[in-house]
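The values are calculated or read from the model by the stated rules, or taken from the named source; none is laboratory data. Remember, it's a predicted structure, so these values are computed and weren't measured experimentally. Ideal geometry is used to build each Cβ from the backbone, glycine not excepted, and the neighbour counts take in all protein chains shown. Just the protein is used for accessible areas: all its heavy atoms, side chains included, with ligands, DNA and RNA removed. Shrake-Rupley method; radii C 1.70, N 1.55, O 1.52, S 1.80 Å.
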Amino acid sequence: MDSAALSLLTPEQKEVCVLAFAEGMKQRDIASSLGIRQAAVSRRIARANLALAGAGFPRLRRRKVHATS
């Protein structure tokens, strides 16, 4: 994640975004580890995406992992 993009986020948004997108955690696991509801995790990610979009950054998305056999 770009440090300029992260600087636009609140500490709470930054925390869930790093866990979700850099660490690859699922929202339910983030909620459990932070002691908050899954809906709060979802809201923080949505608000982070709005803040980033308003500054011209692309939407945060999970990277697809392709299985190899």
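Remarks
- Search result, residues across the stretch 44-62 that are farther than 18 Å from Ala31 by Cβ, under 12 Å from the mean Cα position of the chain (by Cα) and not in a helix (DSSP H, G or I): Arg59, Arg61
- Ala55 modelled with pLDDT under 95, surrounded by fewer than 15 Cβ atoms within 10 Å (Cβ to Cβ) and out of contact with any strand residue (DSSP E or B) (no Cβ under 6 Å at 6 or more places or on another chain): yes
- Tabulated pairs, the stretch 1-13, first over 10 Å from Leu52 (Cα atoms) and outside any loop (DSSP other than H, G, I, E, B), second open to solvent by less than 80 Å² (accessible area, probe 1.4 Å) and of a type in the set (Lys, Arg), C-beta under 7 angstrom, 6+ apart or interchain: Glu12/Arg44; Gln13/Arg44
- Taking the criterion of being surrounded by 12 or more Cβ atoms within 10 Å (Cβ to Cβ) and either touching a strand residue (DSSP E or B) at 6+ places or on another chain (Cβ under 7 Å) or among the small types (Gly, Ala, Ser) (or both), the residues of the stretch 34-45 that qualify are Ala40, Ser42.
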